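Asks: What follows is a single structure, and I will ask about it in a moment.
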């Protein structure tokens, strides 16, 4: 603003000048006031007013919307999730940003590195949401994260041979508590025990499988065949070995007496197994669970338990660069001599970081933290896009809940306004804090 | 919601939904002729159709132009018809005719006083050419406003004939038989059903078919109007019946967890994709379009359907839906609009789109020979034969917060039920609580 020079000693003109100064000041402030009034104050007041009316907007509802809001379990989930977001995301981001900023200072290609980390900031939240939705996809054939997880897992533990196989109901095989299948009754040696399984896709029966064996058992042995009890095209007799039915090779079979495994065999190409020279007694035949272990499916990132951490992960990807650049700027203006002096005195790099860098950076860190807190309170798009329908309510935060209730099907703008007011009340402390800090640093 | 279904059809990935909401408009179309009674007028038509559907509807518009000389302009409103049309009316730029995709939207328009009732000659044409149920769904407070031009058939179970052959089963006649067949398919090594649990509307459609057949059309109508509560024993019974399917791990590809991670296009892919992971998928006639266009299946040969079977001694259900043409009061070419609706009521207009494909007409005068292939002909026949037994999708008739929003209401509660089908009564109680809240507002 221009300062006006006033003639010294003249009281009347001075007052006039002062009035003029005020008028000019008002003229300059007016556009900003108008804008703020129209775009911030009026909507806030309107929302507060609207929150006391019901869905139609014509009937005064008093505090009903607020009561309803806290009765609705969805709001409570939203508050809980918002709390998780506010605590976790800014903390992680500030921490990550700090670590990266300090490390980046020490590498050769600092600018290139910073640019790379900053790049996700240029991606819109919508696009980032779509990218992460795909990355988190549960099917390992689609989601890159699960593809990696499954790949690593399968490199260490092999897959079972017949994950989908199971016996027919009421054909003598019972499922044990550990997922194994055992014969219901015990048999003495000299018997043939055939075990029929179904549910094996034709493509998963090994090529070496031969028609199931029907050999009879000798006096001191137990034998039989594990066969695929299903005739392609139908028409097979359940429980019996039909002409077209093949044996299932490579299965582990156990003979169990009094709860202890006394012999183990592996089925041959025709599905046959044989326990020779068994002492007298009665045995149950068991197919241990390892034969049927389901393939590892990876992590269900977008399941109810992990969906919020998963979305926070996507948020980190976008904002880490921002935190790093801001903190990096603060870092470069640190007095170098303090750091150098500490190093001269024999402080380790960790001590320098812990005792000098962090305390000196504290103001910048606070600014970054508080800015992120405010930002996190309004996170919406990522959650709306990444969370699939069935878990949307598990991932919801206040901002999404507010939108869903007012426009996304709920069409209750009274209740939505109440949620908006709640959100405002929660943001206010952070705003006040920021404004205070800003003032202090100006004075 | 119907519109979502359309989107799902158009885009393979559900994510594309987020991007695909842009509306597109077409320029005025002038065709030959021009010496007819309405020449010089330009009829404005708005509807949710885009892509192939818009192209085929354009053929109908062109036929109208040829007949009357009126030029036509089609505007695609995108996902949200009521918002777009509402703002156009307010802006003094109302279209003459709107093709509304849901009965709920039609009622909303009528109650707002935006619509003009159909003139007597069109009403008469509707009475002679359509089963009474269609004028019922086109009427509000006794006045007929909407003419159903395009219908959907949502009582078709699509299966892979190869999987049925492998399992040695035939097309089932009852729900129990369908589950038994499913178990046989599963014994053969292929999970029986692909269920698109990630899209809540497929689950509401499952429920509606079972309910319509088991409880009968009368109860169905009353539940749709929320005159009986969702805690009614018939609802619990229908949920129990549905639970028989949901709780049997052998019947559902990937189990409930896998189903909840499958969206609608994904469920079609599981049955008709290059790597079949299931033998059957239940959804409406539009499954055929995806199986054909995206996975190159020959409809009728390596992708076939059977009508949703009867449940518990009831009649086989026919759940439907459709796009109705309505005339706006504020349109500038009332005469042309009325002529257009009269044209749409004729079998001649329906035949134009029927020949182009991807279309079912509720018009019983339409010669079934107009349809391009046997499978569509069969669905059309089943729809016409059902006559007055046809019922509209219940969730489309409910307030959106109950029957049409991702993550809340019926969609969400049925998804929870799919995750844990052990307590139908509790699910019914939760549904009633959500419905009571939604119908009140």
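The values are calculated or read from the model by the stated rules, or taken from the named source; none is laboratory data. Keep in mind it's a predicted model, so treat the numbers as computed, not measured. Ideal geometry is used to build each Cβ from the backbone, glycine not excepted, and the neighbour counts take in all protein chains shown.
Asks: Within the stretch A:275-295, how many residues are crowded, with 17+ Cβ neighbours inside 10 Å and either modelled with pLDDT of 90 or more or more than 14 Å from chain B (Cβ to nearest Cβ) (or both)?
Replies: 9
Asks: What residue, of B:108, B:166, is more than 27 Å from residue A:229 (Cβ to Cβ) and in contact with a helix residue (DSSP H, G or I) (Cβ under 8 Å, 6 or more places away or on another chain)?
Replies: The unique qualifying residue is B:108.
Asks: Yes or no: residue B:358 surrounded by fewer than 22 Cβ atoms within 10 Å (Cβ to Cβ) and touching a residue at least 60 places away in the same chain (Cβ under 8 Å)?
Replies: yes
Asks: Being buried (at least 16 other Cβ atoms within 10 Å of the Cβ), in a helix (DSSP H, G or I) and either more than 11 Å from chain B (Cβ to nearest Cβ) or under 19 Å from the mean Cα position of the chain (by Cα) (or both) narrows it down to one of A:115, A:145, so name that one.
Replies: A:145
Asks: Let me ask something else about it. Among the residues of the stretch A:213-243 satisfying the criterion of being without any contact (Cβ under 8 Å) to a residue 24 or more places away in the chain and surrounded by 15 or more Cβ atoms within 10 Å (Cβ to Cβ), which is nearest to residue B:184 (Cα to Cα)?
Replies: A:234
Asks: Please give the number of the condition residue A:374 fails out of (1) loosely packed, with under 13 Cβ neighbours inside 10 Å; (2) closer than 24 Å to residue A:424 by Cα.
Replies: (1)
Asks: Right, here's the next one. Would you call residue B:406 within 14 Å of chain A (Cβ to nearest Cβ) and over 20 Å from residue B:155 (Cβ atoms)?
Replies: The answer is yes for residue B:406.
Asks: Identify, by number, the condition in (1) under 30 Å from residue A:310 (Cβ atoms); (2) without any contact (Cβ under 8 Å) to a residue 60 or more places away in the chain that residue A:157 doesn't meet.
Replies: (2)
Asks: Okay, next question. For the stretch A:200-222, name all the residues that are within 13 Å of chain B (Cβ to nearest Cβ) and outside any loop (DSSP other than H, G, I, E, B).
Replies: A:202, A:203, A:204
Asks: Only residues that are assigned to a loop (DSSP other than H, G, I, E, B), under 30 Å from residue A:220 (Cα atoms) and within 14 Å of chain B (Cβ to nearest Cβ): list them for the stretch A:170-199, please.
Replies: Of everything in the stretch A:170-199, those that are assigned to a loop (DSSP other than H, G, I, E, B), under 30 Å from residue A:220 (Cα atoms) and within 14 Å of chain B (Cβ to nearest Cβ) turn out to be A:170, A:171, A:179.
To keep it simple, each residue is scored yes or no on (1) assigned to a helix (DSSP H, G or I); (2) within 14 Å of another protein chain (Cβ to nearest Cβ).
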site	(1), (2)
B:85	yes, no
B:92	no, no
B:95	no, no
B:98	no, no
B:113	no, no
B:123	yes, no
B:166	yes, yes
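Asks: Please determine whether any residue of the stretch B:255-267 is more than 10 Å from chain A (Cβ to nearest Cβ), modelled with pLDDT of 90 or more, within 30 Å of residue B:359 (Cβ to Cβ) and in a loop (DSSP other than H, G, I, E, B).
Replies: So far as the stretch B:255-267 goes, no, none of its residues is more than 10 Å from chain A (Cβ to nearest Cβ), modelled with pLDDT of 90 or more, within 30 Å of residue B:359 (Cβ to Cβ) and in a loop (DSSP other than H, G, I, E, B).
Asks: May I pose another question? Residue check: is residue B:335 part of a helix (DSSP H, G or I) and more than 30 Å from residue A:403 (Cβ to Cβ)?
Replies: yes
Asks: Right, another one. Testing residue B:274 on (1) part of a helix (DSSP H, G or I); (2) at pLDDT 90 or above, one condition comes back false. Which one is that?
Replies: For residue B:274, the failing item is (1).
Asks: Something else about it: Select from the stretch B:190-213 the residues that are over 25 Å from residue B:266 (Cβ atoms) and in contact with a strand residue (DSSP E or B) (Cβ under 9 Å, 6 or more places away or on another chain) and write down the one among them that is surrounded by the fewest Cβ atoms within 10 Å (Cβ to Cβ).
Replies: B:213
For (1) more than 23 Å from the chain's Cα centre (by Cα); (2) farther than 19 Å from residue A:71 by Cα; (3) at pLDDT below 90, each residue gets a yes or a no:
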| position | (1), (2), (3) |
| --- | --- |
| A:372 | no, yes, no |
| A:385 | no, yes, no |
| A:390 | no, yes, yes |
| A:417 | yes, no, no |
| A:430 | yes, yes, yes |
| A:433 | yes, yes, yes |
| A:437 | yes, yes, yes |
| A:440 | yes, yes, yes |
| A:443 | yes, yes, yes |
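Asks: Also: Working only within the stretch A:386-443, note down all residues that are within 14 Å of chain B (Cβ to nearest Cβ) and surrounded by fewer than 20 Cβ atoms within 10 Å (Cβ to Cβ).
Replies: Across the stretch A:386-443, the qualifying residues are A:394, A:403, A:407, A:411.
Asks: Scan B:193, B:207 and give me the residue that is away from chain A (no Cβ under 14 Å) and closer than 30 Å to residue A:197 by Cβ.
Replies: Answer to the selection: B:193.
Asks: Continuing with the same structure: Does residue B:364 satisfy the condition of being within 14 Å of chain A (Cβ to nearest Cβ), in a loop (DSSP other than H, G, I, E, B) and either in contact with a helix residue (DSSP H, G or I) (Cβ under 6 Å, 6 or more places away or on another chain) or surrounded by fewer than 24 Cβ atoms within 10 Å (Cβ to Cβ) (or both)?
Replies: When the stated conditions are applied, residue B:364 does not pass them.
Asks: I'd like the full set of residues that are surrounded by fewer than 24 Cβ atoms within 10 Å (Cβ to Cβ) and at the interface with another protein chain (Cβ under 10 Å from one of its Cβ atoms), limited to the stretch B:168-189.
Replies: Those that are surrounded by fewer than 24 Cβ atoms within 10 Å (Cβ to Cβ) and at the interface with another protein chain (Cβ under 10 Å from one of its Cβ atoms): B:168, B:169, B:170, B:183, B:184, B:189.
Asks: Quick one: which residue in B:428, B:434, B:350, B:369 is part of a helix (DSSP H, G or I), away from chain A (no Cβ under 14 Å) and more than 25 Å from residue B:56 (Cβ to Cβ)? Even if it seems obvious, please write down each step before you answer.
Replies: Values: B:434 fails: away from chain A (no Cβ under 14 Å); B:350 fails: more than 25 Å from residue B:56 (Cβ to Cβ); B:369 fails: more than 25 Å from residue B:56 (Cβ to Cβ).
After ruling out the rest, the residue left standing is B:428.
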